[in-house]
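Trainee: I'd like to ask you about the structure that follows.
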Amino acid sequence: MNKTELISAISIRTGMPQDAARKAWDAAIETISNELAGGGTVIIPGFGTFSVKHRSARKGVNPQSGEQIEIPSSDVPSFKPGKALKAAVNK
């Protein structure tokens with residue numbers, strides 16, 4: 001399912017016009033992104049938890065040349081599925 005199909009499904013389930021569903025979806029994604037960019041966590045009960053995890057600097061290998069490279073530290077988004085989502089997937 002891509003974004004267009006997801007917005008269409010939201011529109012059908014809520015009875016909301018597609019333009020309003022698109023705006024709501026975009027606002028939700030922007031809000032989650034802004035919270036994570038600020039180092040926060042977003043918890044959606046039954047669905048899951050979005051958070052930020054820190055990756056330390058480490059050494060890696062360039063697969064083309066075999067040369068060792070230094071991979072800098074970074075912050076990456078993380079998602080931990082909730083109990084209800086896990087149950088829905090494992091019916």
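Read the figures in this text as sums done on the coordinates, not as results from a lab. Predicted, not measured: the structure shown is a model, and the values here were computed from it. All Cβ positions, even for glycine, are placed from backbone atoms using ideal geometry, and neighbour counts span all protein chains on display.
Trainee: Compute the acute angle (0 to 90°) between the alpha-carbon long axis of helix 3-14 and the principal axis of greatest extent of the alpha-carbon atoms of the chain; round to the nearest 10°.
Mentor: The two axes meet at around 30 degrees.
Trainee: With each label point set 7 Å from Cα along the Cα-Cβ vector, what nm distance links M1 and R58?
Mentor: Between M1 and R58, the label points sit 3.3 nm apart.
Trainee: Can you compute the modelled spin-label distance between M16 and E35, with each label point 7 Å from Cα toward Cβ, in nm?
Mentor: Modelled inter-label distance: 1.6 nm.
Trainee: Name the residue, out of I69, I44, I32, whose mean-square fluctuation peaks in a Gaussian network model built on the chain with Cα pairs under 10 Å.
Mentor: Of I69, I44, I32, the Gaussian network model singles out I69 as fluctuating most.
Trainee: Give the shape of the stretch 40-91 as rounded, prolate or oblate, defined through the alpha-carbon gyration tensor: a ≥ b ≥ c are the square roots of its eigenvalues, a/c under 1.5 means rounded, and otherwise the shape is prolate if a/b is larger than b/c and oblate if not.
Mentor: oblate
Trainee: Would you mind checking the tilt of helix 18-37 against the longest principal axis of the Cα atoms of the chain, expressed as 0 to 90 degrees and rounded to 10?
Mentor: Its long axis makes an angle of about 30 degrees.
Trainee: For the chain, what is the relative contact order in percent, using Cα pairs closer than 8 Å and at least 6 residues apart in sequence?
Mentor: After rounding, I find 21 percent.
Trainee: For n ≥ 4 DSSP H runs only, could you compute -39500 (n - 2.57) per run for the chain, divide by its residues and tell me the 222 nm figure to the nearest 500?
Mentor: So the calculated ellipticity at 222 nm is -13500 deg cm²/dmol.
Trainee: Straight-line reach from K53: which lysines fall under 22 Å, measuring Cα to Cα and dropping same-chain residues less than 8 apart?
Mentor: The reachable lysines, counting only those whose Cα sits under 22 Å from K53, are K80, K83, K86.
Trainee: Under the Kirkwood approximation for Rh and a Cα-based Rg, what ratio Rg/Rh is obtained for the chain?
Mentor: Result for the chain is an Rg/Rh of 1.14.
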